[in-house]
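This report refers to the structure that appears directly beneath it.
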Amino acid sequence: MKKISMLINAADRISHINPEIYGHFSEHLGRCIYNGIYVGENSAIPNTDGIRNDVIEAFRNIKLPVLRWPGGCFADEYHWKDGIGEKSQRKKILNTNWGGVTEDNSFGTHEFFRLCELVGCEPYLAGNLGSGTIEELSDWVEYVTLEGGSPMSELRKKNGREKPWKLKYMGIGNENWGCGGSMRPEYYADEYRRYQSFCKNFSGNELFKIACGPNSDDYNWTEVIMKNLNKYHTKGISLHYYTVPTGDWSHKGSALEFDSDLYYSTISKTLYMDSLIKRHTDIMDRYDPDNDIGLIVDEWGCWYDVEKGTNPGFLYQQNTMRDAIVAACNLNIFNRHSKRVIMANLAQVVNVLQALILTEGEKMIKTPTYHVFDLFKEHQNGEAVYCFSTNESAGGEVKIPLLSSSASVKDGVMTITLANCSLEDGAEISCDIRNFECSEASARILTGEVHTCNDFDAPDRLTIAEHNVKLENGVLTAELPPCSVVSVTVK
Ligand code: AHR
């Protein structure tokens, strides 16, 4: 058992934790939308307007705050007018990015906004700057947000939606350094400036425009973008970084079969997120010392080789306790950087990459990653506070810090989230809580052997359980088994 001392000072507030840090990403990719979230109105699977009820319920339970759609690379080829109007008349296209399958456009703008209404989350549209026109993007904003009096608002009404929707988050392009047009940052910055000019604020709606930011450690991209855009036109820039266990995109490693060396290298590659955020933040600080532009980690998560026997273009993978540790480490990092990081979206929400939920016909399971979002949900809208730990190291050839942690305070309640990343050692935490009136503590835990997953035969093999902790004279003591994620509530 490794002994670790912690100190949390509630008087030392770092920054507000935007709920959107706990956001998600949905793409027309594999079975994320079709046969995942959306089964159609005529399905025997219980649904509301074609959207699975069990999925809606699961999203609501974790207070899912924001959902990005329709991609990803899919967004770079998406023409939104294909997805409105009478369904039988909608254009059928090929999804050239993901598996070459037919996309019948039965899930489009109206269906997406209905999903967000049912879940109670903010919609985040990823606009097509890569292959779409300015007119098309400008029409989309008009269609969605303008009350009346224009061809687009009248078309929306004709399609059954009288009132405009509220739309805050508008992405002006996706991965324009890659699948979104292979652009140089200088060229993209100019394109961004043009496209965003025609995305207007209508009928009291105010857009929060998000520019395409860097791919992982492309610091030059951030530098050029920050130099060429300004806070009057841009509220956020996005960062995409995936955890690839081997670091080799052609052999990323399996979701289920891995040894402890690969486990530690997965966690080490995940913790790299911290340096990435620090270095991009340093650049942003130089151009934006007032912190007006947020960093949005709008694609993150583990990316493994696809599960054997599944369509390689569908990016379907299982999810184990390793993914739970990855999620906990990332979310603790985001909390700690919440001054600059104002949104983060896990890729992806259902049936793709590090999914929250997997479905098979009428069956649905919650992955270990889902349970981590459940454990962390009380951080949303909290104030991140100073949280220090002495720590220990874990691992073999690749060494990582054993403990990942963060803390926040909201309405007189403190939430502390901890992950013991070691596969071998338990940890005994002794945490001195300063400047915070408290008399009771309770905790919930997710733990299991690192390869454990939920599957359709055993959907609740891994679930959250109550966990014993002690609070005496402002000192919290807790034992964390190896490979565990714990959320402590102190009040
Ligand atoms: O999440 C899968 C893909 O990864 C997205 O479509 C793209 O934006 C990224 O490269």
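Quick notes on this structure:
- Here Ile416, Ile325 are screened, and the one residue that is hydrophobic (A, V, I, L, M, F, W, C), surrounded by 24 or more Cβ atoms within 10 Å (Cβ to Cβ) and out of contact with any Leu (no Cβ under 9 Å at 6 or more places or on another chain) is Ile325.
- Residues located in the stretch 294-329, provided they are touching a strand residue (DSSP E or B) at 6+ places or on another chain (Cβ under 6 Å) and either aliphatic (A, V, I, L, M) or part of a helix (DSSP H, G or I) (or both): Leu295, Ile296, Val297, Asp323, Ala324, Ile325, Val326, Ala328, Cys329
- In the stretch 343-365, the residue that is farthest from the ligand (Cβ to nearest atom) out of those that are open to solvent by 10 Å² or more (accessible area, probe 1.4 Å) and part of a strand (DSSP E or B) is Lys363.
Residue by residue, here is whether (1) surrounded by fewer than 16 Cβ atoms within 10 Å (Cβ to Cβ); (2) under 23 Å from the mean Cα position of the chain (by Cα); (3) within 16 Å of the ligand (Cβ to nearest atom) holds:
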residue	(1), (2), (3)
Cys179	no, yes, yes
Glu186	yes, no, no
Asn205	no, no, no
Ile210	no, yes, yes
Lys235	no, yes, no
Val244	no, yes, yes
Trp249	yes, yes, yes
Leu271	no, yes, no
Asp274	no, yes, no
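- Within the stretch 436-491, the set of residues being more than 12 Å from Ile416 (Cβ to Cβ) and small (Gly, Ala, Ser) comprises Ser439, Gly448, Ala458, Ala465, Gly474, Ser484.
- In the stretch 170-183, the residues that are on the phi > 0 side of the Ramachandran plot reach residues that are not charged (D, E, K, R) with C-beta atoms within less than 6 angstrom, at least six apart or across chains, in these pairs: Gly173/Leu129; Gly173/Gly180; Gly173/Cys212; Gly181/Gly130.
- Residues in the stretch 46-72 that are open to solvent by 30 Å² or more (accessible area, probe 1.4 Å) and either within 16 Å of the ligand (Cβ to nearest atom) or assigned to a loop (DSSP other than H, G, I, E, B) (or both): Pro46, Asp49, Lys63.
- Filtering the stretch 179-226 to residues that are part of a loop (DSSP other than H, G, I, E, B) and touching a Cys at 6+ places or on another chain (Cβ under 7 Å) leaves Cys179, Gly180, Leu207.
- Single residue of Val297, Val306 found to be buried (at least 22 other Cβ atoms within 10 Å of the Cβ) and without any contact (Cβ under 8 Å) to a residue 60 or more places away in the chain: Val297
- If you check Lys157, Lys163 for being open to solvent by 20 Å² or more (accessible area, probe 1.4 Å), under 23 Å from Leu115 (Cβ atoms) and in a helix (DSSP H, G or I), only one passes: Lys157.
- Screening the stretch 167-196 for residues that are among the polar types (S, T, N, Q) and touching a helix residue (DSSP H, G or I) at 6+ places or on another chain (Cβ under 8 Å) and picking the one that is nearest to Asp218 (Cα to Cα) gives Asn176.
- Of all residue pairs spaced 6 or more apart or on separate chains, those with beta-carbon atoms under 6 Å, a first member in the stretch 19-32 that is open to solvent by 10 Å² or more (accessible area, probe 1.4 Å) and a second member that is more than 9 Å from the ligand (Cβ to nearest atom) and assigned to a helix (DSSP H, G or I) are Gly30/Phe314.
- Listed conditions (1) away from the ligand (no atom under 16 Å from the Cβ); (2) of a type outside the set (S, T, N, Q); (3) under 24 Å from the mean Cα position of the chain (by Cα); (4) surrounded by 21 or more Cβ atoms within 10 Å (Cβ to Cβ) are all met by Tyr143, apart from (3).
- Scanning the stretch 73-110 for residues that are open to solvent by 20 Å² or more (accessible area, probe 1.4 Å), assigned to a helix (DSSP H, G or I) and more than 15 Å from the ligand (Cβ to nearest atom) yields Lys81, Asp82, Lys87, Ser88, Gln89, His110.
- From the list Glu154, Glu136, Glu117, the one residue that fits, being under 23 Å from Ala189 (Cβ atoms) and of a type in the set (Asp, Glu), is Glu136.
- Candidates Thr145, Thr222, Thr243 - the one that is among the hydroxyl-bearing types (Ser, Thr, Tyr) and touching a Lys or Arg at 6+ places or on another chain (Cβ under 6 Å): Thr243
Let's see how each residue does on (1) under 26 Å from Tyr22 (Cβ atoms); (2) open to solvent by 60 Å² or more (accessible area, probe 1.4 Å); (3) not acidic (Asp, Glu):
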site	(1), (2), (3)
Glu117	yes, yes, no
Glu122	yes, yes, no
Ser138	no, no, yes
Gly149	no, yes, yes
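The values are calculated or read from the model by the stated rules, or taken from the named source; none is laboratory data. This structure is a prediction, so every number in the text was calculated from the model and none was measured. Every residue, glycine among them, receives a Cβ derived from its backbone with ideal geometry; neighbour counts consider all protein chains shown. All accessible areas refer to the heavy atoms of the entire protein, side chains included, with ligands and DNA or RNA removed. Shrake-Rupley method; radii C 1.70, N 1.55, O 1.52, S 1.80 Å.
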